[in-house]
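Inspection log for the structure reproduced underneath, given as structure tokens.
The values are calculated or read from the model by the stated rules, or taken from the named source; none is laboratory data. These numbers come from a predicted model, not from an experiment. All Cβ positions, glycine included, derive from the backbone under ideal geometry; neighbour counts span all protein chains shown. When the accessible area is computed, the model is the full protein with side chains, heavy atoms only, and any ligands, DNA or RNA have been set aside. Shrake-Rupley method; radii C 1.70, N 1.55, O 1.52, S 1.80 Å.
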Amino acid sequence: MADVTQLPSFTTIDLPALGQQLHTLLEKNCTALTNLLQKTSDYNWNNLLQPMEDMSAAVEKAWTPISHLHSVADTEQLREIYNTAISELSDYHMAVMQNAALYQAVAAIKAGPEFSQLEVAQQAIINHLLRDFKLAGVDLPAAEKKQFATLNQKLAKLTTQFQENVLDSTQSWQKHITDKKLLSGLPEHALASAKQAAERQQLSGWLFSLDMPDYQALITYADDNELRREIYFAFSTRASDQGPHDKKWDNSQTMQEILHTRHAMAQLLGFAHYAKYSLATKMAKTPSRVMTFLEELAQAALPQAKQEFADLVDFAKTHYQVDTLHAWDIAYYSEKLRQYAYAVSKEGFRPYFPAEHVINGLFAILTRLYGMQFTCMGSADVWHADVMLFSVSDADKKLRGYLYLDLYARQGKRDGAWMTDAYARRKLANGDRELPIGFVTCNFNAPVGNDPALLTHDDVNTLFHECGHAVQHLFTVIDYASVAGINGIPWDAVEIASQFMENWCWEKPAIDMIAQHYQTKELLPTELFEKLIRAKNFQSAMQTMRQLQFALFDFRLHCEYDTKQTDQIQVILDQVREKYAVFPTPTWNRFAHGFSHIFAGGYAAGYYSYKWAEVLASDAFSLFKENGIFDQKTGAAFLYTLLGQGGAQEPMTLFIQFRGREPSIDALLRHTGIIATKQTNKKVSTNPVSC
Ligand SMILES: [Zn+2]
């Protein structure tokens, strides 16, 4: 079995040609599919599903460079190509999934004698396909089928528009400062980075953008209230009717139309609302189960969150004579309180986390745990000079895939951090194999001057998270792309592998592998590590409530959407805040207008997934706490079950196989310090509440 993986070439890319290639390929696939269906009426894996898998892989190869570059190196030209491509893809996908003859052919394979002889992964692909045909409207009468396809096409355009508005309004704002006094409080690192940004535009002084590293630095450290208020105002009103931004990027109408379109699609298929449609492919199954889960967690965390905020108010009053804390004061005084209570500043850790050492340490942890080896490929053909490419092998030195790391913030790159699959692992019809490729993208501070890039512990956590996704994608044992790696996994189970990996950032033996002072080469001193651990659960209930508010807002919005109401987005957001926020938010805050996860990403009626998966990840990690965090036997079991099987099996089945029982929320509550040691053995709840 030969490895025939071909790495994409980014330096020689001809974008217009790529757009044209995709167009031609989609047409070719449609013809090929029609021919396949006409050739025989006796369908089986080899004469129908294997060719379909091949066609999907070809589409993925043509689409990956376009979609990836659109996220990390956006240009006007690329946008045009991307928008055409996404529209054509949406049409293609609908044409395939609404093809009644194809649906019947796949159904015939499921009902036939071959099905029981197929591998579990092949059976999963057939089951997923039959489900997805229905979710694309294959059963609908012709007119409604067409309507569904048109709505789907419209949705693809709207979500792209939403994302572009966020990016454009983010990038159009900058703050030029020439009076250093205004920047009092800012760490050296942030100042140096802003100075470099100013120099790049031939300006004196310091230049700040709304990119995450700049926003975080100003909101957390700037002593000047007005400056903090100004950046908060700009950041929290991006792409909206408020704030300093051009109103041409206002997402208000786009958001309404997105919700309207999703609701109409769900109703055409007979679902009461989009949340039910969304759950048809998820682990949680019913809206009531999601709402109960979120409400139970909120009930557990709210009293402590209120107490944490009261402590912050007391602290600001006693030490800074501040009577009222505004939204733009929270991060600033929280950081002061953290430093006061734990004598630890987030910035103080940067010198111990030079990016390259952290990456090597992370790989060394994966070697120790699972035997994986990562080798840097020096002369990689990549889209930016900062990007690194690694080949990845297993304990038997067998090549398993490739990983790209693109870590630093820059213009034209979408904010946030994410991992995407370029290609998935798959066995070809002739027995050869293509290996998986993953992209890990972050937005950390780039190196400044002659120093290496220095990360905060939060950055390290983010890197571990995204590499957790990558490990799942690259170390799959499944040979069928549609359910290999991260493919085919229910959305609310995808974050298990990533959040699981974060745990190693909090263990001293692991920290000793990733932390080393960039000048003195010292390990992180035990005293500093202990401070880090003591501060770990600082304001953890407030953080939990923040995530739960996002999740409840998203879920209620998609459950309760009413075509007759026009201001429902802000109304539901306000209601959720009223019930669960521990401090007031200004009325002009337009958080929803930049909430790309649900309006542009795949988290619509699915943001709860983070917390849902965190329960499973915490509980899985608790077995490593029992057996040792580098216990290879436990590592091998985790690698084979939850990491290795991709979407071929139900996540709950895999979890029980690994853990020996169903998940309990206790591990999560203990990890975040919300309960101390008390055991309640609460299962993930199934009690119904109305939604
Ligand atoms: Zn993630």
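Numbers below:
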quantity	calculated
Reachable lysines from residue 564, criterion Cα separation under 30 angstrom, eight or more residues apart if same chain	134, 145, 146, 154, 157, 247, 248, 276, 282, 285, 579
Residue 55 accessible area, assembled protein chains, probe 1.4 Å, Å²	20 Å²
Positive-end residue, the chain charge dipole about Cα centroid, Cβ charges, pick of 190, 467, 583	583
Nearby lysines by direct alpha-carbon distance to residue 180 (threshold 23 angstrom, same-chain neighbours under 8 apart not counted)	195, 336, 346
Between segment 620-654 and segment 253-273, the alpha-carbon center distance in angstrom	38 Å
Charge dipole magnitude, Cβ of K and R +1, D and E -1 - the chain, Cα centre, debye nearest 20	1080 debye
Residue-count net charge about residue 461 - beta-carbon cut-off 15 Å; Lys, Arg +1, Asp, Glu -1	-4
Local electrostatic count, residue 49, Cβ distance below 11 Å [Lys/Arg +1, Asp/Glu -1]	-2
Selection from 85, 632, 31, by position along the positive dipole direction of the chain (Cβ)	632
Point-charge dipole on Cβ atoms (K/R +1, D/E -1) for segment 476-532, about Cα centre, debye to 20	140 debye
For segment 187-205 and segment 476-515, distance of Cα centres in Å	36 Å
Cα centre as origin, Lys/Arg/Asp/Glu Cβ charges: segment 350-513 dipole, Debye	360 debye
Share of carbon and sulfur in the accessible heavy-atom surface of the chain [1.4 Å probe, %]	50 percent
Helical mean residue ellipticity (222 nm; -39500 (n - 2.57) per DSSP H run of 4+; nearest 500) of the chain	-17500 deg cm²/dmol
Surface/4 of the Cα convex hull for the chain, nm²	30.1 nm²
Sparse-neighbour loop sites [GluC sites (Glu not before Pro); segment 479-574; at most 15 other C-beta within 10 Å; DSSP]	522
Antiparallel DSSP beta bridges within the chain, as percent of all bridges there, nearest 5	75 percent
Accessible area in square angstrom per residue, segment 350-513, 1.4 angstrom probe	31 Å²
Trypsin sites (Lys or Arg not before Pro) restricted to DSSP loop in segment 407-449 with at most 14 other C-beta within 10 Å	410
Those trypsin sites (Lys or Arg not before Pro) in segment 527-591 that DSSP places in a loop and that have at most 14 other beta carbons within 10 Å	564
Around residue 375: net Lys/Arg minus Asp/Glu count, Cβ-Cβ under 12 Å	+2
